[in-house]
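The values are calculated or read from the model by the stated rules, or taken from the named source; none is laboratory data. These figures come from a predicted structure and were not determined experimentally. Ideal geometry is used to build each Cβ from the backbone, glycine not excepted, and the neighbour counts take in all protein chains shown. For the accessible areas, the whole protein counts, side chains as well, though only heavy atoms, and no ligand, DNA or RNA atoms are used. Shrake-Rupley method; radii C 1.70, N 1.55, O 1.52, S 1.80 Å.
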Amino acid sequence: MNVNQQPQMASPYGQPQPGYQGYPQPGYGGQHVPGGYLAQHAPFNGPASAYQPGPSQGFSPYASFPSKALAANLVSDLSSSSPLDLGMRGPPTSGAPPASAAQAYSQFGQVDLQNGPPPMGAPPQRPPGSQPYSQGAMNLSGPQPPYNQQFGGAPPTSMQQMTNQMASMHVGSTVPSPAGPGYAPPAISQPPASSTYTSSAPSFPHTTTLPTQPPPTEGGPHTASQPYYGSLAPAQQPFPTAAPPFSTPGSVQPPGPPLASQQSLAQAPPPSQPSFSSAPPHVPTASFEGPPPSVQSSVPRAPHPTSQPSAFPGGLPPASTPAQYPGPPMSQQPPVSQPSSFHSGPPPPPTSAAGFPPQAGGPPRLPHSSMQGPLLASQGPQMSQTNHVAPAQPGMLPGPPTMNMTGPPPQPGMQGYPPQQNGAFGQVRGPQAGYTGPYPGQQNYGAPSAQTPAPPAPKRLDPDSIPSPQASDIPPVQKTRHRIDPDAIPSPIQVIEDDKANKGNEPFVTGVRGQAPPLVTTNFQVKDQGNASPRFIRCTAYNMPCTSDMAKQSQVPLAAVIKPLATLPPEETPPYLVDHGESGPLRCNRCKAYMCPYMQFIEGGRRFQCGFCSCVTEVPPHYFQHLDHTGKRVDCYDRPELSMGSYEFLATVDYCKNNKFPQPPAFIFLIDVSYNAVKNGMVKIVCQELKTLLDYLPRENPDEVQSNIRVGFVTYNKVLHFYNVKSSLAQPQMMVVSDVADMFVPLLDGFLVSVTESRVVIESLLDQIPDMFADTRETETVFGPVIQAGLEALKAADCAGKLFVFHSSLPIAEAPGKLKNREDKKLVGTDKEKSLFQPQVGFYANLAKECVAQGCCVDLFLFPNQYVDVATLGVVPTSTGGSIYKYTYFQAQSDQERFLNDLRKDIQKQVGFDAVMRVRTSTGIRATDFFGAFYMSNTTDVELAGLDCDKTITVEFRHDDKLSEETGALMQCAVLYTSCSGQRRLRVHNMAVNCCAQLADLYRNCETDTIINFFAKYAYRSVLTHPTKNVRDSLVNQCAQILACYRKNCASPSSAGQLILPECMKLLPVYLNCVLKSDVLHPGADVSLDDRAYLRQLVSTMDVADSHVFFYPRLLPVHKLDVESDALPMAIRDSEERLSKGGVYLLETGLNLFLWVGANAQQELLQNIFGTSAFNQIDSNMTSLPILDNSYSKKLREIVESLRAHRSRYMKLMVVKQEDKLELIFKHFLVEDKNNSGGASYVDFLCHMHKEIRQLLS
């Protein structure tokens, strides 16, 4: 796999894919909404549809999914979409496809598919913008200029021969160009011949292409093999990418026989082609255009100059006219990520990776109306880049022979970089005629390409159906190809970039019911207008099925990931605090839901009807207000609880324990002073750091001079030492309790003190502790009594609080909670493996229950050198809402920074104590299951001794009745907690989602990242009771059922060989595979039981942003860093074949950062980062980058700091040199590849999922 070339990675994400855009957008800034309110003030009490703002200029809300057309058309269907349309009806000859691709669906032929009312209101008219495209729809039917011209010059002989063969076979379009499967021009029709293939494996639509001829025996038509599936077959793409609009099926046929060089055109099929072809008709000509070569590799989204319409002289896009790209337009403004100055030389060919292949899912999103026309098929980037050749994966057939795949000969000006794929999945995109500009973002088409790929054939994955190529036909480079090109399958990077382009520029307004928010990877601003911000609540589906039968049929989990105390960015207002005085918050009489925007005032404002249970309640006189002509209260916008999705109430004494207001909470530090803890430096570091940290205890307002939190100190080994640090003492006093079987606190007065009053005594104590125990020989420790001691101290002080326990070894000393070493690797993979995740003794579960009752939260910092049984020690932290931090083989020098940063963040973060959370829902659904770090004594109340700003609680919902499309489904999460100043508060988050009677509507409004977060938590909890193999199988089965249900009920009919994925779930397979390969479910031989137990507990409280980067790490090519720009270089896919030996990459996993340095990295680059120009002199033990006086070093260090600032845990930096021993650890996180413990690669897993889906369908 020619690693070197990867770095380029450029393909921009062409346009955003509609699919992502597809959720109806709130009107920003007050557009009028049909209901007559400005969008931003849309009423909250009515059905959502009332507020759906009209489409905003330039894109249709349904952009990517026509809301009606079946999802089938979704682009991401791998095979459906635009192509489908094409097959079904000839698109108008002129007139561009609407800007929003989605519409396209409905526009052409899809209508009949509609499955149900669009999610919100009628589909908007197509925005005018899309019309400009009228160039006559590129008549493809006219004579096309020969393709070769574009490439200038005859192809090299070998290619020539190949092309000739192809010509004779007429396979052309089908074959993937070297570029990679998926790039062949869309096949226009699926000739019967090809159909043969289709039936079987996922045939990447390629198969479909062969029009009339029988498939050659050789592998010519391998189209099938193209992985189409990643790229959506053109068909999928909403037209923009597909040729569709322009050609009626019949028109495509070029008049004369295709030139050999055109190879890819093969003949156009007759109009009669099967309608199912997902591929759009080929636009042959277009198809040949290579993407403009652009050097830039990566991101800028501005339009490529090259792609300007003007480029097409006269309207017909001569696909091949050389003129079009006179010389490689390399100069165009380099993308941000373009190779930085360090890159001398032309950028390596972009990897397709980089350029992520277009997503399967969608057509590119058009940013502007004006830009939309159908994309030329040809534009797609070329996958063939050499660098891209992936090693053949076992089990995959070799890739299609190149013979017929060769791309057109290189254009003169393009020096050799294959174009990058730029669009939605396999589609290649090109400039559109008549469009005002290229698609933004297009510009990067990747580097210039040597060969242009033909447009992809429809995406059908059909590995089995393709004859395997003879080895002799395959040129050497090609021999290592996968059967399915990784660039032709859905790319997470493409989806992420498209979402940023489509949703990152406008604020997300929450007033529209059932609107899916931007992805967690997109930076966006939220305007709360009646539904909670996605920072507080994210749902798996924003369209709930109306009936339980529909929910069972689809198998899509209905859940919400709730982060009640989430920290908001500085530009967003935190929830308002509402004080209703003595009377307390207003509630429904029957279900006790709190006043919110879903309550309907009636009888002139004297009563209100509950949106949850419909009960009518009197409005107390002090709360009365008149209604306006629309039935809303006149003071609606003056009261947060009537107009906002999230707010807080000040609770009255009735909401307090024992009917008395709570005391301010306390923090108790319990430090292990046994031999291991003293020897590794932990004791000294903790004592030193606490002297400064005590000034940063949390406070209600940053302006407060001091915190109300009191502190206490205990040290222990196999006995406990309590310290009296009363302010009146000259020196601290130690009291030892050796009777650990019956723990008590030997002093009341002087144990918990105010930091300001006792500062001198506390500092004296912290200075003395390391010296007192410096020569200890005690190696045994206790653990249960330590927590009991803290709990007793809080009980004696009658307050809630948090215990910070710093512990180093398995507690084997005689005492309650004593443990033994039960680590047994032989049980891994057997039915008894589950016992290793369960606690060894029942003592800690009972202790946790007592802690919760007192509001005693436990945070555990572990410093083990061997097995410490995290599964058992973690019971109390995970049941009390606490956290576990683990520093295996802790070494002061290399781990101090990470530990201290975690400790600072943990002590300073916002936290609520003694919390109780309840989720109320409207009639028809109810909360049935909960995941997270908490305790439940009944079926409805989630009890948390502590709840901090990083903790999430995941709630699963089930139907208990039918829901109605008009009213939607409502949920209200109320959390009662004590703030750090001792105030009792209620935080309320409200969420309304739509309900649908059609499965297609459910599948067009899901959020894959949230579904994966839920599946991971569900699976990680299941390992406590089931063998891990069964847990993995059930996940695969549920995922296959979700996709099979979509295929059966929503996608348009097509060959079984196609893999069709819903647009918003096209990444479900890749992310699910990451969960299945994770260390908890599929450990390698080197993963300890403690690590697995630790990760299992960690993931249970993760929010969606953290779980996303944890399962699919972010890989940034930092050698492409633009020091002038604030933007990060565009990420690349997590696969070894995307790495270049000349590059430097930063990998972020959420827990670690790895800086991978290629053996051939430029000396100037190394000098700027490490201060040495020799690869051999880089110190792979460094944990922080040297501070050098150059802009590159400064920028890279800023990026590392900003990545760390966005994660709840401090990520330690590890420098990994290529071929170094640490590289194995680094490669473990390249999740699209096979792993050492047997986890499948993404391509293999996708084929496996396709097989599972076909079994379910048959």
> Per residue, how much accessible area does the range 642-790 have with a 1.4 Å probe, in Å²?
Replying inline: 42 Å²
>> For Lys1077, Lys1048, give me the order by solvent-accessible area with a 1.4 Å probe, most accessible first, ignoring ligands, DNA and RNA.
In response: Lys1048, Lys1077
>> Loop-only GluC sites (Glu not before Pro) in the range 795-848, please: DSSP not H, G, I, E or B, and at most 13 other Cβ atoms within 10 Å.
In response: Glu814
> Using only Cα atoms, what is the ratio of the radius of gyration of the range 857-901 to 2.2 N^0.38 Å?
Replying inline: 1.21
> How many percent of the accessible area of the range 922-962 is carbon or sulfur, using a 1.4 Å probe?
Replying inline: 41 percent
> Which whole number in µm²/s is D for the range 692-737 by Stokes-Einstein, with the Kirkwood Rh taken over Cα pairs at 25 °C and 0.890 mPa s?
Replying inline: 191 µm²/s
>> Looking at the range 497-608 only, what percent of DSSP beta bridges run antiparallel? Nearest 5 please.
In response: 75 percent
> Which GluC sites (Glu not before Pro) in the range 1099-1190 pass both tests, a DSSP loop state and at most 15 other beta-carbon atoms within 10 Å?
Replying inline: Glu1124
>> Rounded, prolate or oblate for the range 569-655? Axes are the square roots of the Cα gyration tensor eigenvalues, ordered a ≥ b ≥ c, and the cut-off for rounded is a/c under 1.5.
In response: oblate
>> So, for the range 1138-1258, what is the accessible surface per residue at a probe of 1.4 Å, expressed in square angstrom?
In response: 42 Å²
> In Å², what does the accessible area per residue of the range 954-1025 work out to with a 1.4 Å probe?
Replying inline: 23 Å²
>> Straight-line reach only, C-alpha to C-alpha below 12 angstrom: list the aspartates and glutamates that Lys832 could link to, leaving out same-chain residues fewer than 8 apart.
In response: Asp824
>> Quick check: residue separation of Ala741 and Asn1037 times 0.36 nm, minus the Cα distance between them. What number comes out in nm?
In response: 101.6 nm
> If you take every DSSP beta bridge whose two residues both sit in the range 1106-1258, what share of them, in percent to the nearest 5, is antiparallel?
Replying inline: 60 percent
> Round to a whole number: what % of the accessible area of the range 557-669 belongs to carbon and sulfur, probe 1.4 Å?
Replying inline: 51 percent
> Tell me, what % of the accessible area of the range 680-805 is carbon and sulfur with a 1.4 angstrom probe?
Replying inline: 48 percent
> Given Lys1194/Lys1217; Lys500/Lys1221; Lys679/Lys849; Lys552/Lys1017; Lys632/Lys660; Lys527/Lys1017, which pairs have Cα atoms separated by over 28 Å?
Replying inline: Lys500/Lys1221; Lys679/Lys849; Lys632/Lys660; Lys527/Lys1017
>> I need the GluC sites (Glu not before Pro) found in the range 749-784, filtered to DSSP loop residues with at most 16 other beta carbons within 10 Å of theirs.
In response: Glu778, Glu780
>> Rounded, prolate or oblate for the range 763-831? Axes are the square roots of the Cα gyration tensor eigenvalues, ordered a ≥ b ≥ c, and the cut-off for rounded is a/c under 1.5.
In response: oblate
